[in-house]
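*Asks:* Have a look at this one before I ask anything.
The values are calculated or read from the model by the stated rules, or taken from the named source; none is laboratory data. All of these numbers come straight from a predicted model, not from anything done at the bench. Reconstructed Cβ throughout: ideal geometry from the backbone, glycine too, with neighbour counts over all protein chains shown.
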Amino acid sequence: ASCSLSSSCHQAKVGGPSGLYLGGPTSQPADPAGIFASIVNKPSTELSTMMFVKPSDLSNSFLMHKMDGDQCQFASQCGPAPVASCGVGMPQASCALDGATRDKVRRWIAQGAQNN
């Protein structure tokens, strides 16, 4: 829910900087199968050498680094725009999601990131 609340992130039909559209409270619902296909075993737009979600591999899933706010450790490997920083944490411009919410995503990835 927090990821699609801002039009600058994932509520815009074009999906914001990442290109990932998650729907929104006043917009067309997102397609769960399309979201899955867009993030699992797909390179991150900010760090193309790392998958956004790598099933069963938390340390190589850029989504978890973004959610945990430790993506800056990869800054030297990220692209130059706007600065080599691997972007901002998620959710953008707000506090990190609570541990229980991040742990749900962490378990999903650790258990193979299945499309259920």
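*Asks:* Can you tell me which residue is modelled with the lowest pLDDT among those in the stretch 89-112 that are in a loop (DSSP other than H, G, I, E, B) and out of contact with any helix residue (DSSP H, G or I) (no Cβ under 8 Å at 6 or more places or on another chain)?
*Replies:* Our first condition is that a residue be in a loop (DSSP other than H, G, I, E, B); within the stretch 89-112, this holds for 89-98, 111-112.
After this cut, where a residue has to be out of contact with any helix residue (DSSP H, G or I) (no Cβ under 8 Å at 6 or more places or on another chain) as well, the list is 92-93, 95, 98, 111-112.
Working: Gln92: 65, Ala93: 61, Cys95: 65, Asp98: 84, Gln111: 96, Gly112: 96.
Among those residues, the one meeting the criterion is Ala93.
*Asks:* Could you identify the single residue in Pro55, Pro32 that is exposed (fewer than 14 other Cβ atoms within 10 Å of the Cβ), under 16 Å from Val105 (Cα atoms) and not small (Gly, Ala, Ser)? Explain how you work it out, then say what you get.
*Replies:* Working: Pro55 fails: exposed (fewer than 14 other Cβ atoms within 10 Å of the Cβ).
Just one listed residue meets the conditions, Pro32.
*Asks:* Restrict the check to the stretch 74-87 and report whether at least one residue is at pLDDT 70 or above and under 14 Å from the mean Cα position of the chain (by Cα). Give the derivation first.
*Replies:* Filtering the stretch 74-87 for residues at pLDDT 70 or above gives 74-78, 86-87.
Of the ones still in play, those that are also under 14 Å from the mean Cα position of the chain (by Cα) are 86-87.
Yes, the stretch 74-87 contains a residue that is at pLDDT 70 or above and under 14 Å from the mean Cα position of the chain (by Cα).
*Asks:* Mind counting the residues in the stretch 96-116 that are surrounded by 13 or more Cβ atoms within 10 Å (Cβ to Cβ) and among the charged types (D, E, K, R)?
*Replies:* First, pick out the residues of the stretch 96-116 that are surrounded by 13 or more Cβ atoms within 10 Å (Cβ to Cβ): 96-97, 101-102, 105-106, 108-110, 113.
Among the residues that remain, those that are also among the charged types (D, E, K, R) are: 102, 106.
Selection size over the stretch 96-116: 2.
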